[in-house]
Amino acid sequence: MTPAVSPVGTVSGPGPEEARLDPRDFARVAAIVDREARIALQPTKATLVFSRLSRRLREHGLASFGQYISLVESDAVERAAMVEALTTNHTHFFREGHHFDHFKQNVLGELQARARAGHAVRLWSAGCSSGEEVYSLVMCMLGTSRPEARWATDGDVKVLATDLSSRVVAAARRAVYPENTVKPIPDEYRRLWLREEGADFAVVDQARELVTARELNLFGEWPMRQQYDVIFCRNVMIYFDDNATSELIARFARLLRPGGYLYIGHSERLIGPGADVLINCGQTIFRKEGALQ
Ligand SMILES: C[S@@+](CC[C@H](N)C(=O)[O-])C[C@H]1O[C@@H](n2cnc3c(N)ncnc32)[C@H](O)[C@@H]1O
């Protein structure tokens, strides 16, 4: 049964003891999620907030959203759980396939040359969800034969995958996917870089070991100590407001080495000072030219 939304935005039932999420509760939740993760929750998301947080109320045996929000305000663990419950983690292998085509045709050769010349090569899937994006990228890097993959497996090549949600980071680290999700992976990659594990498919160690998956709030401190060659941050900034987006893009621009690439989601755009040094070079693909002032 779908929860009912009243004209003033109160959402009720079939939650715990018919709890109601009134506009004041919604505003308190939105303020916390904005402060913690810079996620901008629009009032149109009241139904989603209601249904996702009803589960949390039930787990804590609480009868009202007011009680639950007070708990969240005083308890950092539950606060993180609430933010995580309100993230949208939809993803799939080879999503927005033109990005992977562009990467193979325009970027891969340069990365191979840099690795062979002894340079570090660094890639980042920022907002990686359960890992389908990062392993799509890794399969493109490794190619269609094991000898072809050596530049990456034997070089100083590292791929970072980060997300706010500990649940999806654990899935990215585990790298085991149900059969129906691996269908978009081209056969030549599947044969080499996946192995059957029961009814599922696991990314083989050689590919998985290139990836470090860790929890990271994009608006917290970043652990990187060197510049990056490639950043994928796709379908993440849609959840942020313009200030947060602009701040994040400036940080990406600083982190990229000159000539490095940023891939963003199909409905996202670059704004703020970072956009001045990121030159469009494909559909939602940007290359850093020069240094950010
Ligand atoms: C829709 S998924 C996108 C996954 C993948 N990049 C793709 O395009 O298929 C958005 C991800 O961004 C993460 N996210 C949202 N806000 C974040 C933040 N402030 N810091 C880090 N990750 C965040 C969510 O947890 C979610 O897994």
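Every number here is computed from the coordinates shown, using simple stated rules; none is lab data. Predicted, not measured: the structure shown is a model, and the values here were computed from it. Cβ: placed from backbone, ideal geometry, glycine included. Neighbour counts: every protein chain shown.
Residues whose amide H comes within less than 5 Å of that of A40, counting only those at least five positions distant or on another chain, are F240, D241 (H built at 1.01 Å from N in the peptide plane).
Taking amide H positions as modeled 1.01 Å from N, with prolines and chain starts lacking one, the residues under 5 Å from F201 and 5 or more places away or on another chain are Y177, E179. Between the alpha-carbon centres of the stretch 159-187 and the stretch 232-293 there is a gap of 24 Å.
The ranking of T44, T153, T245 by Cβ neighbour count inside 10 Å, starting from the fewest, reads T44, T153, T245. Amide H contacts of C128: T162, D163, each under 5 Å away and 5 or more positions distant or on a separate chain (H built 1.01 Å from N in the peptide plane; Pro and chain starts excluded). Positive contributions from Lys and Arg (+1) and negative ones from Asp and Glu (-1), summed over other residues with Cβ under 13 Å from the Cβ of L142, come out at +1. Over all other residues within a Cβ to Cβ distance under 9 Å of R79, the charged ones net out to -4, with Lys and Arg as +1 and Asp and Glu as -1. Cross-link reach is defined here as a Cα-Cα straight distance under 27 Å, omitting same-chain residues fewer than 8 places apart; for K104 the lysines meeting it are K158, K183, K288. Placing +1 on each Lys and Arg Cβ and -1 on each Asp and Glu Cβ, with no other charges, gives the chain a dipole about its Cα centre of roughly 420 debye. Its DSSP H runs of at least 4 residues, each contributing -39,500 (n - 2.57), put the calculated 222 nm mean residue ellipticity of the chain at -11000 deg cm²/dmol, to the nearest 500. Helix 23-37 against the longest principal axis of the chain: what's the angle in degrees, Cα atoms only, rounded to the nearest 10? For 23-37 against the chain, the angle is about 30 degrees. With a simple spin-label model that places each label point 7 Å from the Cα along the Cα-to-Cβ direction, the separation between E209 and A117 comes to 2.7 nm.
Across the stretch 85-99, rounded Karplus estimates of 3J(HN,Hα) from the backbone phi angles (6.51 cos²θ - 1.76 cosθ + 1.60, θ = phi - 60°) give 5, 9, 7, 10, 10, 4, 6, 7, 4, 6, 5, 6, x, 5, 5 Hz, Gly and Pro being marked x.
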